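See below for the structure under consideration.
The values are calculated or read from the model by the stated rules, or taken from the named source; none is laboratory data. Since the structure is predicted, the reported quantities are computational estimates derived from the model, not experimental observations. Cβ placement follows ideal geometry from the backbone for every residue including glycine, while neighbour counts extend to all protein chains displayed.
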Amino acid sequence: MEDLLAFFRDNLYMIYILAFAVILGFEIISKVPTVLHTPLMSGANAVSGIVIIGAILLVREAKADDYFTLGIGFLGIVLGMINVMGGFAVTDRMLEMFKKKKKAD
Amino acid sequence: MEDLLAFFRDNLYMIYILAFAVILGFEIISKVPTVLHTPLMSGANAVSGIVIIGAILLVREAKADDYFTLGIGFLGIVLGMINVMGGFAVTDRMLEMFKKKKKAD
Amino acid sequence: MMAFDTIVNLIYLIGTLLIVLGLRKLGSPDTARRGNIEAGIGMGLGILAALIARLPDGDNNYGWIVGGALVGSTIGWVAARKVKMTAMPQMVSIFNGFGGATAVLLAMVELKHYYDGKPMAGTGLVVTLAALIIGGVSFTGSMLAYLKLDGKVKDKNVTFKGQNTVNLVLLLIMLAAAVYLYMQGTRGSMALALVVMLLSLVYGFSFVAPIGGADMPVVISLLNSFTGLSAASAGLIYGNLAMIVGGIFVGAAGTILTVQMCNAMNRSLFNVILGGFGGGAASAAGATEGQTVRQIGPTDLAIQLYYSNSVIFVPGYGLAVAQAQKALKELDDLLSENGVDVKYAIHPVAGRMPGHMNVLLAEADVPYPKLLDLDEANAAFPNTDVVVIVGANDVVNPAAKDDPSSPIYGMPILDVLAAKNTVVIKRSLSPGYAGIPNPLFYHPKNAMLFGDAKAMITEVAAEVKNL
Amino acid sequence: MMAFDTIVNLIYLIGTLLIVLGLRKLGSPDTARRGNIEAGIGMGLGILAALIARLPDGDNNYGWIVGGALVGSTIGWVAARKVKMTAMPQMVSIFNGFGGATAVLLAMVELKHYYDGKPMAGTGLVVTLAALIIGGVSFTGSMLAYLKLDGKVKDKNVTFKGQNTVNLVLLLIMLAAAVYLYMQGTRGSMALALVVMLLSLVYGFSFVAPIGGADMPVVISLLNSFTGLSAASAGLIYGNLAMIVGGIFVGAAGTILTVQMCNAMNRSLFNVILGGFGGGAASAAGATEGQTVRQIGPTDLAIQLYYSNSVIFVPGYGLAVAQAQKALKELDDLLSENGVDVKYAIHPVAGRMPGHMNVLLAEADVPYPKLLDLDEANAAFPNTDVVVIVGANDVVNPAAKDDPSSPIYGMPILDVLAAKNTVVIKRSLSPGYAGIPNPLFYHPKNAMLFGDAKAMITEVAAEVKNL
Ligand SMILES: NC(=O)c1ccc[n+]([C@@H]2O[C@H](COP(=O)([O-])OP(=O)(O)OC[C@H]3O[C@@H](n4cnc5c(N)ncnc54)[C@H](OP(=O)(O)O)[C@@H]3O)[C@@H](O)[C@H]2O)c1
Ligand SMILES: NC(=O)c1ccc[n+]([C@@H]2O[C@H](COP(=O)([O-])OP(=O)(O)OC[C@H]3O[C@@H](n4cnc5c(N)ncnc54)[C@H](OP(=O)(O)O)[C@@H]3O)[C@@H](O)[C@H]2O)c1
């Protein structure tokens, strides 16, 4: 209990931010038309690749001879970057399809 | 410039919170049906009475013989409370009207 | 004791979130009422937290606080319960002005303490001055909006040529004075602060003066966002997150709501603020001179309605003014009993505030399924025998569709001429809110029944009973 | 240097806001593409900030980073460009799994450092373990989802009776192991961490195993929100606001998107996760035995279409499988040239991912105004001569309307029987995704054209050309 209160005390602003991020996430997605569900899913997927930032920081903080960290970090960067780059590119391709239709409108 | 940077440094979390509050405010109101504009305006008006909190803090922080602060603070509390209480009550009355219709639906 | 502070902060947090989520629910008809209550509870939690929070010093003075709160809540509650449904916007405007006034009072006290030697944090002076001037503008602006809405002040009494230029100059002077006061720092004085306050009060008044009386709902929404911003500024003085977040949130919400309202009238916020409408009216009015108008009496209208299969009423601002909603409902009942299919066509900006007609008709117990929105109504008109327009004007003006030179061109209207017959009940041929003539009145399909909406509807109902 | 830190933080802030606003724009057709680009720029800013931020120590190792980023972006880019439009969901699933895998890798390295003696903040261990297990579940879950979607793994190969109980037990074991590791604090070991990691990988797999292959889009969205949460947990390790906010935001967005997708299919998330559909199929199938089916040949259909005034095509999953969209467009062109009014009725959950049909038809250059949504289509059917259902089944199943015992009862359907005639093109009478029989096939108004959608459409088109 004390721990929990201490956590709230130390992270009050953070908690506001998190609460708002959650509400915003819900609010922005509700009421999206069905046809856009797939691109949205794909776009959200690309954003979840933000974990790449952690991999970058990990590698930067490592000593140049810490091959374990560097190796795993490298792999993390590769995978994370696939998620980010692939995610945005594939979303863009989907939306390109939708744009085509617009023009004909 | 230095000042501005210092401000950003000291208030980073606050800025996140403000940015999110603004986006949320915009997001929540856009796409509201026209018929609800008046109750929404009225509800938002009640919420803007949150300034009452400042008046309460002002009076609580005053010395018991600081009649200037107490007097003005008292007036502030009266006016602020009219805003809050009246705002929510009037909104509720408007919405009561809408509910009636629902039942007939 | 640390734990207690944390609990207070948690109460603030929960209060703030309830306010945000409550306003969110206010945006959808099913949850609106619950949303308002939740926001109210959130506000209550915020106030509770402010009452119990530990403060560095001060004598608490709970007596003053409870006294003020009791007086304020009583006045607010009674006013809100007593006010007539049609006078709601006025009420909201007054309430909003009081919120702004509170911010002004806070700012003035803080300034006094500052000049008396109490230190302020780096940004303290900026935010105090912001609370002062934004609150001031919101206060007098709201009061004038109330007076205009209530008809106590007529547009023509507070408008003059070149007003927009004068306003701009006033705004600049006010801002310059505030900046000067800021630059002075501790060397400033209450006298100067009073000048800044007065300037903001004057500007608030002059800002609203040129705006047409019927645009007041939009203006109130804008001033409401000002009050929110002044609350947020005041919150920065006290470092109080609930005030800051709540204030900013209302500021943003009020701004976008204002824009939405303008969109619903097919006008820009800029156009509204500069006083819009009215300019081209006189010249355009000439165009209809010499055209003839067909009149109809209450008895004839009663017969016509009685033998119709389907009737649609189009209520407008005049219905609200005449308080004719109950009479209309009675006529509806009489007709329905005799097998006439009666509906109501509700234009989104009919009347003087959004949802105005829905509220009035709900008050008169008209069942919801009888109300058609713009699209439904326009789909129904072609199969309708008689459309009766009761105190409406702009919302059925075909010029919005046909005449690109009309100031309301482009506004979606109720296309009543698609029906077999139309009848307009109003007192004269004079124009409505937008100040422009209405070709519908002169259309061969249309007949006019001149008179007060309530009187005429009551007469028609009496005649129907006699049939 | 302080100033530099602040600038880095501002870059993070702007990046985060761009991501939020970008995803917001993704929610509306007009702005979707721009939104995606903005979110991408936001992500780029976040990466930039991470690259230039001042760190307490470390050798930067930019070589490794740039190398990894180049390899990763190239693979991601090429894969995204090369993948077939119909295989997009698979691709997204793989990408998502990789994000989860990154979180797992980060967590394992941090744990190693921790057990090697590097101190962690109070909540550090909790969030590291959270990143580990959530990322692990997301990784293997996404991989299995990919395999199922791609048809590489069939549902029946990975399902067995009592699976849901086994899953629950597995989940509890995984959580218990994680809690135990946490309790151990510095006395824990990499060996134990590996066990926890393996358990999460196994659970991710077993979590997805019982879920029907066609529900994978929903599952991917859910797993995507897991990846977001694992990113947020990892962000807490580094105290990085962009990761935390972005991750939480995606977590919330993914969750609600999952729920929305379920709603569009008129099912609950719970029902989807427990493996839903399929149970009642066998028994219900008996009901249609002995009923007769009217068959039609390509030539007859060609004549029927040629002499119609209005035709509506209803594409479904079978159209996607047969890759018949181009052939259908050709048939459309031939008919339109001959004065037939051709439209397409798009059910929101036709196919296997939301917007599936829109994307396919857009690929075949079908102009947007020809696509009718559910309501428009149902309004148009009564005035339509022939409705041709191409590889669709559930979305036109009248049982959803008439038969309360049907598992899809309540799902809004395309009410094709309102049209004068219907023709269904599919290979057999076998059921669609929901595994239930379709009374439409036996309806007197309906005729069946058995065969592969592409082959049949091409034949019909050829016949039309010969007329
Ligand atoms: N709803 C909103 O949110 C909102 C907000 C701001 C502005 N507006 C604007 O307000 C207008 C609303 O259109 P509307 O058609 O409802 O009203 P309107 O165009 O303002 O016309 C109202 C008509 O009612 C008649 N009237 C007044 N008192 C009457 C009485 N006692 N009995 C019978 N008739 C009476 C008047 O004609 P007589 O004098 O000849 O009787 C007048 O022409 C639009 O231009 C809209 O843009 C609406
Ligand atoms: N869109 C989404 O987001 C989504 C996501 C998950 C689940 N779902 C579900 O998927 C279903 C979609 O309905 P639907 O009507 O599109 O599809 P469906 O009900 O799955 O039916 C598809 C039909 O296509 C036929 N088919 C398969 N291959 C074919 C070929 N080569 N040529 C011709 N026909 C072929 C099959 O019959 P034969 O074998 O006899 O040919 C099958 O009955 C709904 O139940 C929906 O809830 C949709």
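Quick notes
- Against the list (1) of a type in the set (Val, Ile, Thr); (2) away from ligand 2 (no atom under 12 Å from the Cβ); (3) closer than 10 Å to D:PRO315 by Cβ, the condition D:VAL340 fails is (3).
- From the list C:LEU129, C:LEU45, C:LEU106, the one residue that fits, being crowded, with 17+ Cβ neighbours inside 10 Å, at the interface with chain B (Cβ under 9 Å from one of its Cβ atoms) and modelled with pLDDT of 95 or more, is C:LEU106.
- Considering only residues in region D:381-393 that are touching a residue at least 60 places away in the same chain (Cβ under 8 Å) and in a helix (DSSP H, G or I), the one that is farthest from ligand 1 (Cβ to nearest atom) turns out to be D:PHE381.
- Against the numbered list (1) within 10 Å of another protein chain (Cβ to nearest Cβ); (2) buried (at least 21 other Cβ atoms within 10 Å of the Cβ), C:ALA264 comes up short only at (2).
- Any hit, region C:240-250, residues being at pLDDT 80 or above, outside any loop (DSSP other than H, G, I, E, B) and under 17 Å from the mean Cα position of the chain (by Cα): yes
- Some residue of region C:423-431 being at pLDDT 90 or above, over 25 Å from C:VAL218 (Cβ atoms) and more than 16 Å from ligand 1 (Cβ to nearest atom): no
Rundown of residues vs (1) β-branched (Val, Ile, Thr); (2) free of Cβ contacts under 8 Å to residues at least 40 places away in the same chain; (3) under 22 Å from C:ASN271 (Cα atoms), yes/no style:
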residue	(1), (2), (3)
C:MET190	no, no, no
C:PHE205	no, no, yes
C:TYR238	no, yes, no
C:GLY247	no, yes, no
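- When residues of region C:76-94 are limited to those that are facing another protein chain (nearest Cβ under 7 Å) and of a type in the set (Gly, Ala, Ser), the one nearest to C:ASP365 (Cα to Cα): C:ALA80
- Checking C:ALA231, C:ALA209 one by one, the residue that is away from ligand 1 (no atom under 16 Å from the Cβ), touching a helix residue (DSSP H, G or I) at 6+ places or on another chain (Cβ under 9 Å) and under 19 Å from C:LEU111 (Cβ atoms) is C:ALA231 and no other.
- Flag if B:VAL47 is more than 15 Å from the chain's Cα centre (by Cα) and buried (at least 24 other Cβ atoms within 10 Å of the Cβ): no
- Counting only residues that are near ligand 2 (Cβ under 6 Å from one of its atoms) and either in contact with a strand residue (DSSP E or B) (Cβ under 6 Å, 6 or more places away or on another chain) or away from chain A (no Cβ under 14 Å) (or both), region D:394-413 holds 1 of them.
- Condition check for A:THR69: of a type in the set (Ser, Thr, Tyr), in contact (Cβ under 8 Å) with a residue 40 or more places away in the chain, part of a helix (DSSP H, G or I) and within 7 Å of chain D (Cβ to nearest Cβ): no
- Long-range neighbours under 9 Å by Cβ, at least six apart or interchain, first residue within 12 Å of D:ALA377 (Cβ to Cβ) and among the β-branched types (Val, Ile, Thr) within region D:307-320, second more than 8 Å from ligand 2 (Cβ to nearest atom) and part of a helix (DSSP H, G or I): D:ILE312/D:ALA377; D:ILE312/D:ALA380; D:ILE312/D:PHE381; D:ILE312/D:VAL416; D:VAL314/D:ALA377; D:VAL314/D:VAL416
- Among the residues of region D:174-185, those that are within 17 Å of D:PHE207 (Cβ to Cβ) and surrounded by 13 or more Cβ atoms within 10 Å (Cβ to Cβ) comprise D:MET174, D:LEU175, D:ALA177, D:ALA178.
- The single condition among (1) more than 9 Å from chain B (Cβ to nearest Cβ); (2) surrounded by fewer than 23 Cβ atoms within 10 Å (Cβ to Cβ) that C:THR123 does not satisfy is (1).
- Listed by first and then second residue, the pairs with beta-carbon distance under 8 Å, at least 6 apart or on different chains, first residue in region C:261-274 and in contact (Cβ under 8 Å) with a residue 24 or more places away in the chain and closer than 17 Å to C:ASN224 by Cα, second assigned to a helix (DSSP H, G or I) and within 8 Å of ligand 1 (Cβ to nearest atom), are C:MET261/B:HIS37; C:MET261/C:PRO217; C:MET261/C:VAL218; C:CYS262/C:VAL218; C:LEU269/C:VAL218; C:VAL272/C:ASP215; C:VAL272/C:VAL218.
- Residues of region C:11-33 classified as at pLDDT 95 or above and assigned to a loop (DSSP other than H, G, I, E, B), total: 0
- Segments classed as helices (runs of 4 or more DSSP H), wholly inside region D:312-363, with at least 2 members that are at pLDDT 95 or above and closer than 20 Å to D:THR422 by Cβ: D:325-337
- Residue within region D:414-436 that is basic (Lys, Arg), more than 9 Å from ligand 2 (Cβ to nearest atom) and assigned to a loop (DSSP other than H, G, I, E, B) present: yes
- Looking only at region C:309-328, and only at residues there that are surrounded by fewer than 21 Cβ atoms within 10 Å (Cβ to Cβ) and more than 16 Å from ligand 1 (Cβ to nearest atom), the one that is nearest to C:ALA455 (Cα to Cα): C:SER310
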